[in-house]
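Single-structure report; data block below.
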Amino acid sequence: MSGDPTGGPPDDPTGGDRPGAAAPGGGAARGTATQPRPRGPAGARGPLPRPEPRRAAGRAGLSRATAFPLIFGVVAALPFAVAAQPGEGVRDTAFALQFVVACYAGARLCAMVLAGRRRLIQGAFWLFCYLAMGIAPLAQSVLGRDPTPVVGPRSDTVLATALVLLGMVAFDVGALLARNRPTLRRRARRPARVDRPRLWLLVGFSLLASALLIVQLGGPSVFFTSREEIIAGLAEATAGEADQETGEAGNALLRGFGTVPVLLSLLLLTRWLVTSRTARRRPGVLAAWAVVLSVNVIVNNPVSNPRYWFLTVLFSLLFTIFPRSPVMYRASLALGVVVALLVFPFADRYRYADDDARPAAAESLLEPLTVKDYDQVGMFANHISYVEDGQHTFGRQLLGSVLFFVPRTLWEEKPMDSGVLVGEWMGTNNTNLSSPLWAELWIDFGPLGMTAGLLAVGYGAGRADRRYVDRTLHDPAPGNVFAVVVPLVAGYSFILLRGSLLQATGRIVIAALCLALVTSFRDRPDRRLR
């Protein structure tokens, strides 16, 4: 693991191999030409920002002091503590593979926490894998209790667990290829910038869309009751639709436009205020930020929203407020484990309006990890059983997710949500089931396609993380679009990894439209954020 333990500066995208660096003998290298100092985003010469030697040494010492307990606790202590708990589960091959998955994901999560560079998307991936694909399924295997019934034989669970491990390795290989990708000579591109008039247009539109959602549901107080009340309000708001599918699509659009644009407005305004002293002196910008923040508290609060969506809001906002802080990055990943294990399962109580419908108190320390939100490995096994009963769909499910906006009246054989498809095949009453990325790729393309898909995801995550570090380090401009996009993708990756893709696509498209609205590649000084 590279990073602070080596004594190098945090977030140095050059990896320490800087022109004109000191020779191994201690002094400057002789006989070499003096290298010009790199240019900043505005073309001005200046050195790369580097911490003072004592400060860098202090950070390295802190990493060494915390590395061992962190690695021991995440990789060894917690998995062994879960595996040692009494339960009715069978200690078979699936159990052993699940233990390996938990340890492997824990080791990679520690590598992300201790890395010198902030790897937001990769860190979110390994946090999800450690919790949802590692520790939680291990607890379920110990207790012998599946959140969602697994209809196939035990061999399908063994295969699902092995494929989860294979997908993690493929993701790692893809990230490694992105890190070792040779630097090619590229043409200078104009960076994507936020256009100020368009930003105000987005802020106005987002407030109107959120206001429409609030009015349709009966006022702000509804958003602090329960998710059942929100669902009932959405159903009533679209009760006049001709068919159920049209009504559900209307619900998704109403909620998507009521929550996504206002979140993006908050992130963009926050970036502006964090990086610009001039903006912090403007009452108009501060007032707009306060109004947008208040609306987000209403429509994006953790009471009435899915917990995975609130994680998106929380992670994206934290990484936008602290764009260059390795301390906040490490704390977010480390505390994410604690919050997910101790707080996340119990937050399910806000789903229900009736106290009798809320989950009863847990009799075992592992019981909170047997909730339906952690059914990813079991549902992957059910996807495998579904394919064995039929065949792979050869990209049809993915095509349905991409073309989610096409009405079924025009496409009668349009694929349904993968979780719903497998749930109906299983005969369950509740078909609101997860379909993790592994299962989505498997049901379409089989083992080779799943491996190639996760390798591509790892490569894309590695490239995006490298560019994020480089652009936030060398380009502190308030209108830096990339500095907002990557934190948002890192937060939303929890939803993408959990699945299903069809449910996640709508908000992605809405966010892409909002970003396209405010982004400009033309350098116009009169429209910049200052």
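The values are calculated or read from the model by the stated rules, or taken from the named source; none is laboratory data. Since the structure is predicted, the reported quantities are computational estimates derived from the model, not experimental observations. With ideal geometry, Cβ positions are generated from the backbone for all residues, glycine too; neighbour counts draw on all protein chains shown. Ligands, DNA and RNA are stripped out before the accessible areas are found, and what is left, the full protein with its side chains, is counted by its heavy atoms. Shrake-Rupley method; radii C 1.70, N 1.55, O 1.52, S 1.80 Å.
Only one entry in A456, A504, A464, A477 is outside any helix (DSSP H, G or I) and either in contact with a helix residue (DSSP H, G or I) (Cβ under 8 Å, 6 or more places away or on another chain) or basic (K, R) (or both), namely A477. Residue count for region 302-341 under the criterion of being of a type outside the set (S, T, Y), outside any loop (DSSP other than H, G, I, E, B) and in contact with a helix residue (DSSP H, G or I) (Cβ under 8 Å, 6 or more places away or on another chain): the result is 19. Just wondering, is there one or more residues in region 154-162 that are within 25 Å of S265 (Cβ to Cβ), among the basic types (K, R) and open to solvent by 10 Å² or more (accessible area, probe 1.4 Å)? Among the residues of region 154-162, not one is within 25 Å of S265 (Cβ to Cβ), among the basic types (K, R) and open to solvent by 10 Å² or more (accessible area, probe 1.4 Å), which makes the answer no. If the condition is being exposed (fewer than 15 other Cβ atoms within 10 Å of the Cβ), among the basic types (K, R) and either assigned to a strand (DSSP E or B) or at pLDDT 65 or above (or both), then region 181-201 contributes R181, R189, R190.
One residue is enough: does region 475-488 have a residue meeting the conditions of a type in the set (D, E) and modelled with pLDDT of 90 or more? No, the conditions are met nowhere in region 475-488. Being touching a helix residue (DSSP H, G or I) at 6+ places or on another chain (Cβ under 6 Å), farther than 29 Å from L318 by Cβ, assigned to a helix (DSSP H, G or I) and of a type in the set (A, V, I, L, M) holds for only one residue in L165, L127, L131, and it is L165.
Considering region 520-530 alone, what residues qualify as being surrounded by fewer than 16 Cβ atoms within 10 Å (Cβ to Cβ) and either at pLDDT below 80 or part of a strand (DSSP E or B) (or both)? If you could, list the steps in order and put the result at the bottom.
Keep residues of region 520-530 that are surrounded by fewer than 16 Cβ atoms within 10 Å (Cβ to Cβ), which gives 521-526, 528, 530.
Result: D523, single match.
Restricting the search to region 135-153, which residues are in a loop (DSSP other than H, G, I, E, B) and either crowded, with 24+ Cβ neighbours inside 10 Å or among the charged types (D, E, K, R) (or both)? Explain how you work it out, then say what you get.
Within region 135-153, the first condition is being in a loop (DSSP other than H, G, I, E, B), and the residues that meet it are 144-153.
R145, D146, listed by residue number.
On the stretch given as region 450-494, residues that are of a type in the set (V, I, T) and under 24 Å from T161 (Cα atoms) total 2.
In this structure, L502 does not satisfy being open to solvent by 10 Å² or more (accessible area, probe 1.4 Å), under 10 Å from the mean Cα position of the chain (by Cα) and either within 27 Å of R179 (Cβ to Cβ) or among the hydrophobic types (A, V, I, L, M, F, W, C) (or both).
Restricting attention to region 271-294 and to residues that are modelled with pLDDT of 95 or more and β-branched (V, I, T), the residue that is nearest to L202 (Cα to Cα) turns out to be V292.
Could you list all residues from region 507-519 that are open to solvent by 20 Å² or more (accessible area, probe 1.4 Å) and assigned to a helix (DSSP H, G or I)? Spell out the reasoning first.
Restricting attention to region 507-519, the residues satisfying the condition of being open to solvent by 20 Å² or more (accessible area, probe 1.4 Å) are 507-509, 512-513, 515-517, 519.
The answer is R507, I508, V509, A512, L513, L515, A516, L517.
The residues of region 202-227 that are buried (at least 16 other Cβ atoms within 10 Å of the Cβ), within 14 Å of G258 (Cβ to Cβ) and at pLDDT below 90, listed by number, are Q216, L217, V222, F223.
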